[in-house]
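Trainee: Submitted below is the structure of interest, expressed as structure tokens.
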Amino acid sequence: EIIDEFPNFTYFLADLHPHVLAMPFVLLLIGAALNIYWSRNVLMNGDGIISWVSRLFKNEDPDVGDLRIVKNMARVEFWVLALVLGGLSFLNTWDFPIYTGLICLVVCLIAYEKSGWSWDLPGLFLETGVGLGIAGILFYIPFFLGFASQAGGFLPSLILFTRGTFFWMMFGPLLIPMIVWLVMAWMYSSKSISFRRGVVISLVISVSLWVLSYLFAFLISLVPVYGEMYMSASQGAGGIDIFMVIFTSLSRRLTMPGTWITLVILFGLVLVAVSRSAGVNSKHAADDDLKTEKEVPTPSADIFVLALMLMGLGLTLMPEFFFLRDQFGGRMNTIFKFYFQAWIVWGIAAAFCTVVLWSRWDLAGKIFKPISVLVLGAALVYPMTGFYQRAADVIQTATARNNIFDALTLDGAAYIKNWAPDEMEAIKWLRQAPRGIIVEAVGGSYTDYARYSTFSGQITVLGWPGHESQWRGGEKEKGNRESDIALLYRTNNWSEAQAILSRYQVRYIIVSQREITTYKITPDKFQPYLSVAYRNNSVTIYEVPVQITSSTLNGNN
């Protein structure tokens, strides 16, 4: 149903997907958010749009220069943030709104420290986000002019949700130090809202999302055809009455409540800690003296860590009720993208909490230390065994050579050199050969299919079909390429093969052990019709004459 990665697995997989390549920039944004928090009044000076309009209607004749957004545009920090945030939009598009949200959250926490809760905070959040979002898009407008996303809006998730067992398996090493730190903060503080009130607020928010998802699903079910498609594709419940689906969803969530109970308690503890760290007492939060302008309090590392915790809560709570619609039709990508970023922000927060708790020598610190050793020890089983299994071949090679450093390399093509040297030589020849489209055997993702185009840099007719469909948002552009390639290798009709070569303007045809095995052909299949451009013991590369590849341009398919 889902993909769920965490950074250690991602490094072992060594798959250079966008979420990996964007990680340094994500950490840069987190550092920038910390800098904004420590700078205090940055992005906060001036009137909000609502207050500015209110002054306008009161005939106070406010100056446009008084607007917060106008003042922000005069600050270097605003444009640096927009530059980095906008960069995330094409590095890993999901991260753009996520970390724009983190910046907005930090700005709102500064305002909360200053004046307590008010309904101006949601306006401040939206105004900051819209301003940074538009500026970030403007920096990369050439990209957005040609950008086409397969995302189709948010849909409610009814039947599918995360069971508590799996949630704790995924985030347990991070949840434990965060929860212990939050409990200690609550127990040793008198200046905070009560734990009961914090849980009630978090429960109200969770239930609101719950009800909203059910209401949204009901409205979708009323739409002819689309409602049936939604129920069938994303809920696995096509043809069933919407009320029955909602009842089933409710009963399943109530009988397996681990995740949402965890999130409600964690959210409640965070709210308690925020009120404590900001020095705002629930009894006095509504008093007039807290509604007046005051000097912003001294920054606290605790508040920034709490901002990271809140960010992780949002990233893990939302997929319980909604998912982003794409070609997969369910929560798969939403869980993948949201949980991965939750791992990053919660990982930083959990590291902070662990260090703080280890520095305590009271009873709480003494209890936490052996627990943390056990938790981290259990969590490190995967990295240790995973590394060994991933590098087993390298370790065996190193053992045989009596020197592990000879076997360690950053060369991603080293395995081809070791296990298929003839193929590596053919790939080297392709690298220096004149540019042209190649055709080779087609197979599944995460296999050694498409290796010639991957390691030579030459264009191919088709790579991994599954990934091509994902990148291009469907099967339309891929068309009949996979079946045409199979027909090219298998057909005994040269005219038929020639038409395929012409259609895709192929210059080089690869015939190696992979093609021979996949399509059950002989190495000299194309020799009667084409010249051999390269050959070694097990690989033959045929070159297609220009008159065949150019016949498409003349309309002679």
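The values are calculated or read from the model by the stated rules, or taken from the named source; none is laboratory data. This one's a predicted model, so the numbers in the text were calculated from it and none came from an experiment. Methodologically, a virtual Cβ is constructed for each residue, glycine included, from the backbone with ideal geometry; neighbour enumeration extends over all protein chains shown. In case anyone asks, the SASA skips ligands and DNA or RNA and just uses the protein heavy atoms, side chains included. Shrake-Rupley method; radii C 1.70, N 1.55, O 1.52, S 1.80 Å.
Trainee: Name the pairs: first residue in segment 21-50 and open to solvent by 80 Å² or more (accessible area, probe 1.4 Å), second residue outside any helix (DSSP H, G or I) and of a type outside the set (K, R), Cβ to Cβ under 6 Å, at least 6 apart or on different chains?
Mentor: These pairs meet every condition: W38/P299.
Trainee: Among residues belonging to segment 500-546 that are assigned to a loop (DSSP other than H, G, I, E, B) and among the hydroxyl-bearing types (S, T, Y), point out the one that is surrounded by the most Cβ atoms within 10 Å (Cβ to Cβ).
Mentor: Here the residue is S512.
Trainee: Please state which one of A379, A414, A398 is at pLDDT below 75 and open to solvent by less than 50 Å² (accessible area, probe 1.4 Å).
Mentor: After applying the criteria, what remains is A398.
Trainee: May I pose another question? From L310, L266, grab the single residue that is open to solvent by 30 Å² or more (accessible area, probe 1.4 Å), within 23 Å of the chain's Cα centre (by Cα), at pLDDT 90 or above and under 21 Å from M187 (Cα atoms).
Mentor: The unique qualifying residue is L310.
Trainee: Would you call F57 in contact with a helix residue (DSSP H, G or I) (Cβ under 6 Å, 6 or more places away or on another chain) and either closer than 30 Å to M169 by Cα or open to solvent by 50 Å² or more (accessible area, probe 1.4 Å) (or both)?
Mentor: no
Trainee: Okay, moving on. Provide a single number: the residues in segment 345-367 that are surrounded by fewer than 22 Cβ atoms within 10 Å (Cβ to Cβ), of a type outside the set (G, A, S) and in a helix (DSSP H, G or I).
Mentor: 9
Trainee: Would you check which residues across segment 25-67 are of a type in the set (A, V, I, L, M), part of a helix (DSSP H, G or I) and closer than 19 Å to G86 by Cα and list them?
Mentor: V26, L27, L28, L29, I30, A32, A33, L34, I36
Trainee: Of the residues that sit in segment 466-492 and are at pLDDT 90 or above and more than 29 Å from W419 (Cβ to Cβ), which one is surrounded by the most Cβ atoms within 10 Å (Cβ to Cβ)?
Mentor: Restricting to residues being at pLDDT 90 or above and more than 29 Å from W419 (Cβ to Cβ), the top hit is D484.
Trainee: Can you pull out the residues in segment 114-151 that are open to solvent by 30 Å² or more (accessible area, probe 1.4 Å) and either of a type in the set (K, R) or free of Cβ contacts under 8 Å to residues at least 40 places away in the same chain (or both)?
Mentor: The answer is K114, W119, P122, F125, L126, V130, I134, I141, P142, L145, G146.
Trainee: For G463, are the conditions met, namely being at pLDDT below 95 and buried (at least 17 other Cβ atoms within 10 Å of the Cβ)?
Mentor: Yes, satisfied.
Trainee: Taking segment 85-97 as the region of interest, how many residues are closer than 17 Å to V130 by Cβ and surrounded by 21 or more Cβ atoms within 10 Å (Cβ to Cβ)?
Mentor: Residues meeting the conditions: 5.
Conditions tested, residue by residue: (1) touching a His at 6+ places or on another chain (Cβ under 7 Å); (2) open to solvent by 70 Å² or more (accessible area, probe 1.4 Å); (3) under 25 Å from A349 (Cα atoms); (4) in contact (Cβ under 8 Å) with a residue 40 or more places away in the chain.
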site: G153; (1), (2), (3), (4): no, no, no, yes
site: F171; (1), (2), (3), (4): no, no, yes, yes
site: S194; (1), (2), (3), (4): no, no, yes, yes
site: S202; (1), (2), (3), (4): no, no, yes, yes
site: V211; (1), (2), (3), (4): no, yes, no, no
site: Y214; (1), (2), (3), (4): no, no, no, yes
